[in-house]
1. Does a label point 7 Å from the Cα of F472, set along Cα-to-beta-carbon, have any residues of region 409-430 with amide nitrogen under 18 Å, and which are they?
2. Using 1/(1 + (r/R0)^6) with R0 = 51 angstrom and r between the beta carbons of E157 and L297, what's the FRET efficiency to the nearest 0.05?
3. Residues with amide H under 5 Å of V94's amide H, sequence separation 5 or more or different chain, H placed in the peptide plane at 1.01 Å from N; which?
4. Enter the Cα centre distance for the pair region 381-400 and region 482-511, rounded to the nearest angstrom.
5. Ranked from highest to lowest mean number of other Cβ atoms within 10 Å per residue, what is the order of the peptides 14-24, 458-468, 216-226?
6. Given the whole protein assembly as supplied and a 1.4 Å probe, what does the accessible area of V230 come to in Å², nearest 10?
7. Would you mind working out the accessible area per residue for the chain, using a 1.4 Å probe, and quoting it in Å²?
8. Any chance you could list the semi-axes, whole Å, largest first, of the equivalent ellipsoid that the Cα gyration tensor gives for region 298-424, using √(5λ)?
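The values are calculated or read from the model by the stated rules, or taken from the named source; none is laboratory data. Note that the structure is predicted; figures quoted are calculated from it, not measured. All Cβ positions, even for glycine, are placed from backbone atoms using ideal geometry, and neighbour counts span all protein chains on display. What goes into the accessible areas is simple: the full protein's heavy atoms, side chains included, and nothing from ligands, DNA or RNA. Shrake-Rupley method; radii C 1.70, N 1.55, O 1.52, S 1.80 Å.
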Amino acid sequence: MMTEQTKKTRPGKVYLVGAGPGDPGLITLRGKYLLERAEVVVYDYLATPKLLKYVPKDAHLIYAGKKGGTKHTHTQEEINQMLVDWGRQGKMVVRLKGGDPFIFGRGGEEIEQLAAAGVAFEVVPGVTSATAAATYAGIPITHREYTASVAFLTGHEDPTKKDSNIDWPKLATGAGTLVIYMGIKNLPTIVHNLVSNGRDPQTPVAVVRWASTPEQHSVIGTLETIVEKVRVEGIKPPALIVVGEVVKLRDTIDWFEKRPLFGKKIMVTRTREQASELVAGLEEDGASCLEFSTIHLKPVDSYEILDGELERIDEYHWLLFTSINAVKYFFHRLHERGMDSRDLKGVSVAAVGRATGDLLLNYGIRVDLIPETFTAEGLSESLLDLGVEGRNILIPRALKAREILPETLRGAGAQAMVAPVYQNVPVQGDREKLRRILEEGEIDMITFTSSSTVTNFLALLDANDQEEMNMFLQGVKIAAIGPITGKTVTDNGLKIDVQPDEYTIEAMNQAIVEFYSRE
Ligand code: SAH
């Protein structure tokens, strides 16, 4: 509870922050800085909710709504009043608005109200959707050879209004490039106003919906053809209209929609903790990713085995890590026991792959061995080549895992000890949601990065039989990170479309890109 005392000692402040056009990467550093410190965030329909991840967990989040044309969640008056009230309560308030707050965003009105009420404020500009939409559609809004002027207009005016605030006779030919916000509903009137006031009907036009997001959709035409094209493509708000010769440059400059995975929707079934690297890579190539975690990691219920082995760690010759998770949980426990890397002195360390090896370096361990093939088989082969007879080998790993590594090593005369350090538990996911997404045919590809992601995914889907499973997965491509995961896929009666030669996230990402460029 806010006390009278703190209310007086710390005045509130309202920061009007531009969220940018949609891609969360397009907020300013200043905007992000403020979000990270906000106590109250009031955000709009067009301010991407993805930015809310920066907001402290205990902050108060208020959705202000304002979806063009539909019912407003809060009226502008209510929003203005809300900002004043929070400010007066001494809060650090971020008012997050789509694009730039002062471009067709009613930011001016919100600030006027704050000023009148004596509440302190600041404004942080944002990347406005006009420049973003043009840029992401491959159109430079100015260009020395085409135009030296650009005008931003609203297309939201009531078309029956007698005295327009827009001077169409002057604007129609007065600026080389026109960018029109909120104009989709009135597109026929806008086109009419331009052509009847002298703009050439052959002037190129681009209409860009959801610019800078994976859902971006652009339609290109001329003043003569654009109305019909927009109707055929079913373009709805939010979209921008770019009019002018510069639109022609898209033929050369279009870059965003040309990225190899643009328009592909890919489901990532990895644990929430690990999905980010794969998601980031795929999104960088233009895909839209849906994270659907099927497994969750947690520590084992008892560390008795590991603790016992750590007591006699100096008797070990080898320490083997078969996953990044094994490294993380092993060191977590080591540190919990008041030990660190120095206690592993004299023990050789092997990692199943490069990523695991890289992570070990973060803990101060330079690995002695990484096999050429990044699997348990590859690792045991490399160790066998070095000779393991009579060697003591410790394998911290998942509670449930394949026994191939310890068994092969034992078969070759080693004392191989398995110490479980973490466990995979299936996520009690939302079956209905998963089924609905698949039924709607939204997903182009599903990625599996371990056998347990496959089995947990199928358990969650819970199809009655093979036929029902095939129905859910109709038209969905499947990517498996390596042969073991791939075998689990095929053992379950599914077909693999993508499997990289090297079993890493990076190689898998690359294989997916190659798959779609072949298609
Ligand atoms: N202040 C905002 C504009 C708000 S007006 C800005 O600076 O961008 C709302 C209009 O902005 C929408 O009707 C649409 O024309 C445009 N708009 C906002 N985000 C958009 C996006 N991602 N793609 C296309 N148009 C967008």
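1. Under cut-off, by backbone N: 426-430.
2. On the way: r = 55 Å, r/R0 = 1.09.
Efficiency, from the Cβ-Cβ distance: 0.40.
3. Long-range HN contacts for V94: Y15, E39, V40, V41, V42.
4. Computed from Cα coordinates, the inter-centre distance equals 25 Å.
5. Those peptides, ordered most packed to least, come out 14-24, 216-226, 458-468.
6. 10 Å²
7. Working: 25560 Å² over 519 residues.
Roughly 49 Å² per residue, with all protein chains present.
8. Numbers: eigenvalues 80, 48, 45 Å².
Over the Cα atoms of region 298-424, the ellipsoid semi-axes are 20, 15, 15 Å.
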